[in-house]
Amino acid sequence: MKNLSRDDLKKVIITILRMAIGWHFLYEGIVKMFAQNWSAYSFLANTSGFLSGFYHWLSSSPSLMKTVDFLNIYGLIIIGLLLFVGLFVRYAAITGALLLTLYYFAYPPFGASLFGSGEGHLFIVDKLFIEAIALIFIVFAKEIGFGAEAAWTLRKSPDNKESQVDKSLVEAEIRSRREALKNLFTIPALGVMGWGAFSNSKKYDVDVMTGATIQVKSTALAELKGDLPKGKIGKHQISRLVAGGNLIGGWAHSRDLIYVSSLFKAYNTEKKVYETLMLAESAGIDTINIGFVSNSLMAKYKRATGSKIKVISQVAPNMKNGDYFEQINGALDNGADILQIQGNWCDWLVRDGKTDVIEKMMKRVREHGITVGLAAHSVESLIRCEELGIIPDYYMKTMHHDNYWSAHPRENRVPFEVDGKTNIDHNKWHDNCFCLFPERTVEFVNRTKVPVMGFKVLAAGAIEPEDGMRWAFENGADFVCVGMFDFQIVNNVNVVFDILKNLPDRKREWFG
């Protein structure tokens, strides 16, 4: 470094910047090229910016999409190669900046929450913006750094009489093998990085989350036994197996295993959540029930992938400031299709004699023309609401038997204890039983005349899927909501498919 001139230092800095951006372009292009059935369709069709009409037009024609996909893939590859090896640098930088600008205005980060987290909440300046500015800088910079173009220019300069380059200096540089190596080192560097990426890909499969890395595992889908049956809730036709929101919310009912929630969150990274949701949709699960805080992630997923999955958002009142509709408005703003008053809040409001809050919330949801559900852990909550004439479009009720080891004795169960204080005593509630009185639940479900969605049907992993889901369907559930890891999805779909083909013990007619 001591012998490195100031001019060389500038060249090194701009070369590193140029190669880094070039590698990003090249890698994105190659991943898209090798990904099966990759298309920019979902990215274009779901744009939300002020130029969305233009992007929607691009996605409106299959033949146009073929051209867009071709230009996208090979444009990224060619721009990336030229920037990395240092050839036609200014033209590549201009083209790259224009391409990044198109990406940027598809989902412009304008006006998002100042207090949000993650890339989707940035305001004006995101990585696309920064990379585009860097490319514009390269366009107008005096130096383009070391590379093939610089080596070619040096080679031609002595024979060009109009060249403004000092010929004696050029001749000295041509004679210098060291200078030649400086300008051509980008080519072996590209080979080394390419080989490293290829080796890493073979060992670990996908190594980063690029626009094309999330792919559905077709080998798992090949094991599906048939199409998942559907039913109706309100105006919505949905699969009879609904994905539970715990898979993206990071909640786990783990009894006394204190590490499970952390393990759950570590496994379900955003990339893994996307993979899980895409696999679920490909397997026929077209609806997910989520906690309110997951609305922004689901909205981001749907924009990024073009997903048509229906979102049931749980909503709760803000009792501290008296705003019962805050979460209702937030869920609707994020595009939720169905709203459902959260189960623990229904229990608490009934327990505390505040059923008027439930009634007001349901009325507000219906004013928006949205299907509304009412959830509960304690069947007493739903019975009381029914007595008061508070009837939702569907019920969501914990539905599982209690024939498993960790269920505490019936004589020690107390209404409304779910989501309450946990006990050290194994004979009392400790995040271990969610349908406290199964027979009373079944009695209520079988007399109601609106659809019923059973949840916690596996008692948070204590009951085998075939056992728990069959019990729920036999005892009147029209739908079951199950939290699933990606590796459980195909098996659960097959279990539901087999159960619904042969259900002789069901007494209740299907509602929905």
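The values are calculated or read from the model by the stated rules, or taken from the named source; none is laboratory data. Everything quoted here is computed from the prediction, not taken from an experiment. Positions of Cβ are backbone-derived with ideal geometry, glycine not excepted, and every protein chain shown enters the neighbour counts.
Of the candidates Asn423, Asn427, the single residue that is without any contact (Cβ under 8 Å) to a residue 12 or more places away in the chain, outside the structural domain of Leu224 (by TED's automatic domain parsing) and in contact with a His (Cβ under 9 Å, 6 or more places away or on another chain) is Asn423. Applying the criterion of being among the basic types (Lys, Arg) and in contact (Cβ under 8 Å) with a residue 12 or more places away in the chain to the residues of the range 352-376, the residue that is surrounded by the most Cβ atoms within 10 Å (Cβ to Cβ) is Arg364. Here Gly369 fulfils each of the conditions (1) part of a helix (DSSP H, G or I); (2) farther than 20 Å from Gly454 by Cα apart from (1).
Looking at Gln327, Gln314, which is the one that is within 20 Å of Arg366 (Cα to Cα) and part of a strand (DSSP E or B)?
Numbers: Gln327 fails: part of a strand (DSSP E or B).
Matching residue, one of Gln327, Gln314: Gln314.
Check the range 461-483 and report whether any residue there is of a type in the set (Gly, Ala, Ser) and surrounded by fewer than 19 Cβ atoms within 10 Å (Cβ to Cβ). Can you show your working first?
So the first thing to find is which residues in the range 461-483 are of a type in the set (Gly, Ala, Ser), and the list is 461-462, 468, 472, 476-477, 483.
Keeping just the survivors that are surrounded by fewer than 19 Cβ atoms within 10 Å (Cβ to Cβ) gives 461.
So far as the range 461-483 goes, yes, one or more of its residues are of a type in the set (Gly, Ala, Ser) and surrounded by fewer than 19 Cβ atoms within 10 Å (Cβ to Cβ).
Pairs meeting the criteria (first residue in the range 335-351 and crowded, with 21+ Cβ neighbours inside 10 Å, second residue among the aromatic types (Phe, Trp, Tyr), beta carbons under 6 Å, at least 6 apart or on different chains) are Asp347/Phe416. Of the helices (runs of 4 or more DSSP H) lying entirely inside the range 220-283, the ones with 1 or more residues being acidic (Asp, Glu) and within 24 Å of Ser42 (Cβ to Cβ) are found at 270-282. Among the residues making up the range 480-501, a single one is under 12 Å from Gly244 (Cα atoms) and either free of Cβ contacts under 8 Å to residues at least 12 places away in the same chain or among the aromatic types (Phe, Trp, Tyr) (or both): Phe485.
If we keep just the residues of the range 222-250 that are over 30 Å from Arg366 (Cβ atoms) and among the aliphatic types (A, V, I, L, M), which is modelled with the lowest pLDDT? Quick ask: steps written out before the conclusion?
Within the range 222-250, the first condition is being over 30 Å from Arg366 (Cβ atoms), and the residues that meet it are 222-227, 250.
Checking the rest, the ones that are also among the aliphatic types (A, V, I, L, M) come to 222, 224.
Values: Ala222: 84, Leu224: 93.
Per the criteria, the residue is Ala222.
If you filter the range 397-449 down to residues that are in a loop (DSSP other than H, G, I, E, B) and polar (S, T, N, Q), you find that the one that is nearest to the chain's Cα centre (by Cα) is Asn432.
Inside the range 330-356, residues that are assigned to a helix (DSSP H, G or I) and not hydroxyl-bearing (Ser, Thr, Tyr) make up a count of 14. Residues that are modelled with pLDDT of 95 or more, in the same structural domain as Val482 (by TED's automatic domain parsing) and of a type in the set (Gly, Ala, Ser) are absent from the range 298-305.
Could you list all residues from the range 300-318 that are under 19 Å from Cys385 (Cα atoms) and either surrounded by fewer than 23 Cβ atoms within 10 Å (Cβ to Cβ) or not polar (S, T, N, Q) (or both)?
Within the range 300-318, Val315, Ala316, Pro317 qualify.
Condition check for Lys507 on (1) surrounded by fewer than 19 Cβ atoms within 10 Å (Cβ to Cβ); (2) in contact with a helix residue (DSSP H, G or I) (Cβ under 7 Å, 6 or more places away or on another chain); (3) under 24 Å from Val365 (Cβ atoms): one failure, at (3). When restricted to residues that are closer than 23 Å to Lys300 by Cβ and of a type outside the set (Phe, Trp, Tyr), the range 24-70 contains 24.
Against the test of being farther than 30 Å from Lys11 by Cα and either in contact (Cβ under 8 Å) with a residue 40 or more places away in the chain or not acidic (Asp, Glu) (or both), the options Phe70, Phe84, Phe88 yield a single qualifying residue, Phe70. Residues that are more than 16 Å from the chain's Cα centre (by Cα) and closer than 22 Å to Gly454 by Cα do not occur anywhere in the range 297-313. Counting only residues that are closer than 19 Å to His430 by Cα and modelled with pLDDT under 85, the range 251-278 holds 3 of them.
Which residue, of Val414, Val452, is free of Cβ contacts under 8 Å to residues at least 40 places away in the same chain and of a type in the set (A, V, I, L, M, F, W, C)? Quick ask: steps written out before the conclusion?
Numbers: Val452 fails: free of Cβ contacts under 8 Å to residues at least 40 places away in the same chain.
Exactly one residue qualifies, and that residue is Val414.
For the criterion of being assigned by TED's automatic domain parsing to the domain that holds Glu275, among the hydrophobic types (A, V, I, L, M, F, W, C) and part of a helix (DSSP H, G or I), Ile489 passes. Cβ-Cβ distances below 7 Å connect the following pairs, each with a first residue in the range 241-270 that is crowded, with 17+ Cβ neighbours inside 10 Å, a second residue that is modelled with pLDDT under 85 and in a loop (DSSP other than H, G, I, E, B), and a separation of six or more residues or different chains: Asn246/Ala252; Phe264/Gly250; Phe264/Ala252; Asn268/Gly250. Looking for whichever is of a type outside the set (Val, Ile, Thr), in contact with a strand residue (DSSP E or B) (Cβ under 9 Å, 6 or more places away or on another chain) and under 11 Å from His401 (Cβ atoms) here; the options are Gly483, Gly476, Gly468, Gly454. Which one fits? It is Gly468.
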